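First comes the structure, then the notes that go with it.
The values are calculated or read from the model by the stated rules, or taken from the named source; none is laboratory data. The structure displayed is predicted, hence computed values, not measured ones. Neighbour counts run over all protein chains shown; Cβ positions are idealised from the backbone, glycine included.
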Amino acid sequence: MKHLIVVNGAAGKATEKEALLATAKEEFKGLDYEVYETTGPKSVIPFLKEYLKKNAKDTVRVYACGGDGTVNEVVNGLIGAKNAEMAILPCGTGNDFVKVYGIENEDAPKCRSFAKAIKGEAIPVDISKIETADANAEPLYSINVVNIGFDAMVGAYGSINARKGKKNPYGAGAIVPAIFKGRFNKIVLKADGEQLNKKRLLLGSVAQGKVIGGKYHASPKSDNTDGLLDVAMMKPMSLARLMIQYFGPYEKGTYMDSPKLMKRVIYRRCKQVEIIAKKDIDICIDGEMAKGSYFKVTCMPGAVKLVPPTKE
């Protein structure tokens, strides 16, 4: 087996990266391993595809060392490679995807062990394939959550704030404008051909994972090994209802346990979801933004082999 460590130098602190690579020297002694440091957004995707082709006769375990963006890029580089496995050492800010495995932010340092990931057994997990109306465009892939509506608008404003160098770009500076501009989104969802809403929604998620934005449990019941997508759509509502009744339970992931709150939520498990808008909208794919007026999200059962992260 070959081992490839993918490091995002922009995720976390430089001292943490140095400590991680120093640990790698010790824990990979006697093993066939290499280090690849990303040179910019999505640079690892073509590198991985070429690397896996060159080493097609070997099993390659890829260690994604970074945040959710790094994890997403590694997934997009592994899709279709039968000889690839993936492990995650969470070194980002939110580390949303690993929360599927009970890894909270305070647990992340305990999960930065190559020794555990080397010994771990890879299991097949589901991936979401995202296609647009452009038949010539390369599909995108999600291991965590695709968000639309209010949540995606927060992501869009947050991205703008981050480019401007603002502190806490996804805080009030992103949430407040989304509250006033993103509660009545002209978007229609279809789940396996069934139209879920007439013409508007507050927000929606198409999920394999559970958590977005570092702490919001958008899809608390999802299972990334069941061969299905979890789609949850929340109907438009007043600002008062959103803030008083829904905001807290949405953050904690308890909103699906309340029959009263679920009256304004449509929830399905399905194999394919269509996202349809009359004009271009922002959608958020594992924290990364994309634009378009039509997206088709399809579940790819067991498409990636993953070593589940553990703090034990």
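For Tyr250, are the conditions met, namely being buried (at least 17 other Cβ atoms within 10 Å of the Cβ), in contact with a strand residue (DSSP E or B) (Cβ under 7 Å, 6 or more places away or on another chain), over 21 Å from Lys129 (Cβ atoms) and hydroxyl-bearing (Ser, Thr, Tyr)?
Yes: the conditions hold for Tyr250.
Mind checking which pairs have a first residue in segment 91-120 that is closer than 14 Å to Glu27 by Cα and a second that is charged (D, E, K, R) and not in a loop (DSSP other than H, G, I, E, B), Cβ under 6 Å, 6 or more apart or different chains?
These pairs meet every condition: Phe114/Glu27; Ala115/Glu27.
Suppose the filter is in a loop (DSSP other than H, G, I, E, B) and either under 28 Å from Asp223 (Cα atoms) or modelled with pLDDT under 95 (or both); does Lys129 pass it? Don't jump to the end; show me each part of the working.
Values: in a loop (DSSP other than H, G, I, E, B): no; either under 28 Å from Asp223 (Cα atoms) or modelled with pLDDT under 95 (or both): yes.
So Lys129 does not fit the description; no.
Are any residues in segment 37-64 modelled with pLDDT under 95 and under 15 Å from the mean Cα position of the chain (by Cα), and if so, which ones?
Lys42
Residues checked against (1) aliphatic (A, V, I, L, M); (2) surrounded by fewer than 23 Cβ atoms within 10 Å (Cβ to Cβ); (3) closer than 27 Å to Pro109 by Cα:
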residue	(1), (2), (3)
Pro46	no, yes, no
Asn55	no, yes, no
Tyr63	no, no, yes
Asn72	no, no, yes
Gly77	no, no, yes
Lys82	no, yes, no
Met86	yes, no, yes
Leu89	yes, no, yes
Thr93	no, yes, yes
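Restrict the check to segment 257-269 and report whether at least one residue is under 18 Å from Ile175 (Cα atoms) and surrounded by 16 or more Cβ atoms within 10 Å (Cβ to Cβ).
Filtering segment 257-269 for residues under 18 Å from Ile175 (Cα atoms) gives none.
No, segment 257-269 has no match at all.
What helices (runs of 4 or more DSSP H) lie completely within segment 1-114 and have 1 or more residues being within 20 Å of Tyr141 (Cα to Cα) and touching a Phe, Trp or Tyr at 6+ places or on another chain (Cβ under 8 Å)?
44-54, 68-78
Select from segment 201-233 the residues that are closer than 22 Å to Val188 by Cα, assigned to a strand (DSSP E or B) and out of contact with any Ser or Thr (no Cβ under 9 Å at 6 or more places or on another chain) and list them in ascending order.
Listed by number, the residues that qualify are Leu201, Leu203, Gly204.
Using the structure shown, decide if Thr59 is out of contact with any helix residue (DSSP H, G or I) (no Cβ under 8 Å at 6 or more places or on another chain) and polar (S, T, N, Q).
Yes.
If I ask for residues that are under 27 Å from Val125 (Cβ atoms) and either touching a residue at least 40 places away in the same chain (Cβ under 8 Å) or part of a loop (DSSP other than H, G, I, E, B) (or both), which ones from segment 235-260 would you list?
Listed by number, the residues that qualify are Gly253, Thr254.
Output the residues belonging to segment 212-241 that are modelled with pLDDT under 95 and either within 14 Å of the chain's Cα centre (by Cα) or buried (at least 16 other Cβ atoms within 10 Å of the Cβ) (or both).
Ile212, Gly213, Gly214, Lys215, Tyr216
Can you tell me which residue in segment 199-209 is farthest from the chain's Cα centre (by Cα), limited to those that are buried (at least 24 other Cβ atoms within 10 Å of the Cβ) and not hydrophobic (A, V, I, L, M, F, W, C)?
The residue in question is Gly204.
Suppose we filter Leu140, Leu78 for residues that are modelled with pLDDT of 90 or more and outside the structural domain of Val211 (by TED's automatic domain parsing); which single one remains?
Answer to the selection: Leu78.
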